[in-house]
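Q: Structure below; questions to follow.
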Amino acid sequence: MRGRSVILTASWLVLLTAAQILAFVAVWRFAVGTEQGQLLDTIALTGNSIGQRRIEGIVGGVLNAVSLLSLLVATAVIGFIALIRVRITLAVVTVLLILGANLSTQALKFFIERPDFDVDEAREAAGNSLPSGHATVAASVAIALVMVLPPRVRGWGALVGAGYAAAAGVGTMSAGWHRPSDAVAALLVVGAWASAASLVLLLTQRDTAQVAPEDGNRQVTAVLAVVGLGLLLVAAVALGWTDGMRATPIPDFDRRQLLVAYGGSAAGIAGTAALVTALVLLTLHRVVPRHTGRGTVPPAD
């Protein structure tokens, strides 16, 4: 029975990794490689001026916390948590997850070329900005932390982590640092690395590892999945409505039209963060079981 469960879980993780890579490619090809995608991104980003002064302090606080130093400190803390739980493989894999996701983002940002369709003249010199480095840092740290937390606090960690990743992603758009697609692409990069890391952890388990079904955090997973899918539906509706207005010059968009585009994009970023976290949490009790099977059965975390 355990062998069958491992095969099914491994197959799911392989499919999930591939699906998120394909989703990333789809976002990249549409948002960067087409005039339609660039225009929709620009309309949404133009809407960030609505209420910006009211939230710039909060946005600045969230984004200023994302730096190379904070990334190094967070990575060290995550590795330490895994080590004090005597999970050496988990420590190594989660650190590699963070490093891999962030290095991938920087490499992709460098190699992806942004065609000039004369859509966003103000940012033409900036070139490509997909995926977002800030969103990748926030999401990779959040997901890695969820993976090393003990089962009894893992659900709460997932809720906080998804919220933090969403806030950082939306914050980059609110501050005008990144287009909406940049943040969504970054979350997909982290999601792909997380599912690949989960596969490695699953395949390196001992045969005597014991999975506790009660560690599945089903309620939190369901909440994150429902919220994520709901927000993505809102984003799809807003995107469709904005697409119907794209023949209108951007300077002629009124406040309501910009708010729909901006709010829909924010919902898309937050929905992606929630869904990616839910997908990680879905199999985490199998990937990181409470009992590793090493020596005597340890007490519950």
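The values are calculated or read from the model by the stated rules, or taken from the named source; none is laboratory data. In this text, all values refer to a predicted model and were calculated from it rather than measured experimentally. With ideal geometry, Cβ positions are generated from the backbone for all residues, glycine too; neighbour counts draw on all protein chains shown.
Q: Out of the residues in the stretch 229-275 meeting the condition of being out of contact with any Asp or Glu (no Cβ under 9 Å at 6 or more places or on another chain) and among the hydroxyl-bearing types (Ser, Thr, Tyr), tell me which one is nearest to residue 140 (Cα to Cα).
A: Going through the qualifying residues, I end up with 272.
Q: Since residue 63 meets every condition but one in (1) at pLDDT below 95; (2) under 30 Å from residue 249 (Cβ atoms), which condition does it not meet?
A: Against the list (1) at pLDDT below 95; (2) under 30 Å from residue 249 (Cβ atoms), residue 63 comes up short only on (2).
Q: Please state which one of 224, 231 is surrounded by 22 or more Cβ atoms within 10 Å (Cβ to Cβ), part of a helix (DSSP H, G or I) and without any contact (Cβ under 8 Å) to a residue 60 or more places away in the chain. Steps first, please.
A: Details: 224 fails: without any contact (Cβ under 8 Å) to a residue 60 or more places away in the chain.
The conditions single out 231.
Q: What tally of residues in the stretch 1-19 results from selecting those that are in contact (Cβ under 8 Å) with a residue 24 or more places away in the chain, within 16 Å of residue 200 (Cβ to Cβ) and either not in a helix (DSSP H, G or I) or not aromatic (Phe, Trp, Tyr) (or both)?
A: Looking only at the stretch 1-19, we keep the residues that are in contact (Cβ under 8 Å) with a residue 24 or more places away in the chain, and these are 2, 5-6, 9-10, 12-14, 16-17.
Then drop every residue that is not within 16 Å of residue 200 (Cβ to Cβ), which leaves 6, 9-10, 12-14, 16-17.
If we keep only those that are either not in a helix (DSSP H, G or I) or not aromatic (Phe, Trp, Tyr) (or both) as well, we get 6, 9-10, 13-14, 16-17.
Of the residues in that region, 7 qualify.
Q: Find the residue count for the stretch 75-94, including only residues that are surrounded by fewer than 18 Cβ atoms within 10 Å (Cβ to Cβ) and not in a loop (DSSP other than H, G, I, E, B).
A: Of all residues in the stretch 75-94, those surrounded by fewer than 18 Cβ atoms within 10 Å (Cβ to Cβ) come to 76-77, 80, 83-86, 88-89, 92.
Within this subset, residues satisfying the condition of being not in a loop (DSSP other than H, G, I, E, B) are 76-77, 80, 83-84, 88-89, 92.
Total meeting the criteria: 8.
Q: Still on this model: For the stretch 166-180, indicate whether the set of residues that are modelled with pLDDT under 95, assigned to a helix (DSSP H, G or I) and closer than 21 Å to residue 219 by Cβ is non-empty.
A: No.
Q: Next question. Could you grab the pairs with beta carbons closer than 8 Å, sequence gap of 6+ or different chains, first residue in the stretch 185-201 and farther than 20 Å from residue 173 by Cα, second one among the β-branched types (Val, Ile, Thr) and outside any helix (DSSP H, G or I)?
A: If the second residue must be among the β-branched types (Val, Ile, Thr) and outside any helix (DSSP H, G or I), the pairs left are 201/288.
Q: Would you pick out the residues in the stretch 98-126 that are assigned to a loop (DSSP other than H, G, I, E, B), within 18 Å of residue 186 (Cα to Cα) and touching a helix residue (DSSP H, G or I) at 6+ places or on another chain (Cβ under 9 Å)?
A: 112, 114
Q: Anything in the stretch 150-209 that is polar (S, T, N, Q) and farther than 22 Å from residue 8 by Cα? List them, or say none. Please lay out each step first, then the result.
A: Here is the first cut: in the stretch 150-209, the ones polar (S, T, N, Q) are 172, 174, 181, 195, 198, 204-205, 208.
Within the stretch 150-209, 172, 174, 181 qualify.
Q: Go through the stretch 234-248 and give me each residue that's among the polar types (S, T, N, Q) and either surrounded by fewer than 17 Cβ atoms within 10 Å (Cβ to Cβ) or without any contact (Cβ under 8 Å) to a residue 12 or more places away in the chain (or both).
A: 248
Q: Write out, first by first residue and then by second, each pair whose Cβ atoms fall under 6 Å of each other, whose residues are 6+ apart or on separate chains, and whose first residue, in the stretch 31-44, is of a type in the set (D, E, K, R) while the second is surrounded by fewer than 21 Cβ atoms within 10 Å (Cβ to Cβ) and at pLDDT below 95.
A: These pairs meet every condition: 35/117.
Q: Of 257, 205, which residue is crowded, with 17+ Cβ neighbours inside 10 Å, part of a loop (DSSP other than H, G, I, E, B) and either out of contact with any Gly (no Cβ under 7 Å at 6 or more places or on another chain) or at positive phi (or both)? Outline the logic, then answer.
A: Numbers: 257 fails: part of a loop (DSSP other than H, G, I, E, B).
The unique qualifying residue is 205.
Q: So, residue 184, is that one β-branched (Val, Ile, Thr) and in contact with a Pro (Cβ under 9 Å, 6 or more places away or on another chain) or not? I'd like the intermediate steps shown before the answer.
A: Details: β-branched (Val, Ile, Thr): yes; in contact with a Pro (Cβ under 9 Å, 6 or more places away or on another chain): yes.
Taking the combined requirement at face value, the residue satisfies it.
Q: Would you call residue 196 touching a Ser or Thr at 6+ places or on another chain (Cβ under 9 Å) and either among the charged types (D, E, K, R) or modelled with pLDDT of 95 or more (or both)?
A: Numbers: touching a Ser or Thr at 6+ places or on another chain (Cβ under 9 Å): yes; either among the charged types (D, E, K, R) or modelled with pLDDT of 95 or more (or both): yes.
Yes, satisfied.
Q: Which of the residues spanning the stretch 90-110 are more than 21 Å from residue 168 (Cα to Cα) and modelled with pLDDT of 95 or more? Spell out how you get there, then give the answer.
A: Going through the stretch 90-110, the residues more than 21 Å from residue 168 (Cα to Cα) turn out to be 90-93, 96, 110.
Answer for the stretch 90-110, where residues must be more than 21 Å from residue 168 (Cα to Cα) and modelled with pLDDT of 95 or more: 90, 91, 92, 93, 96.
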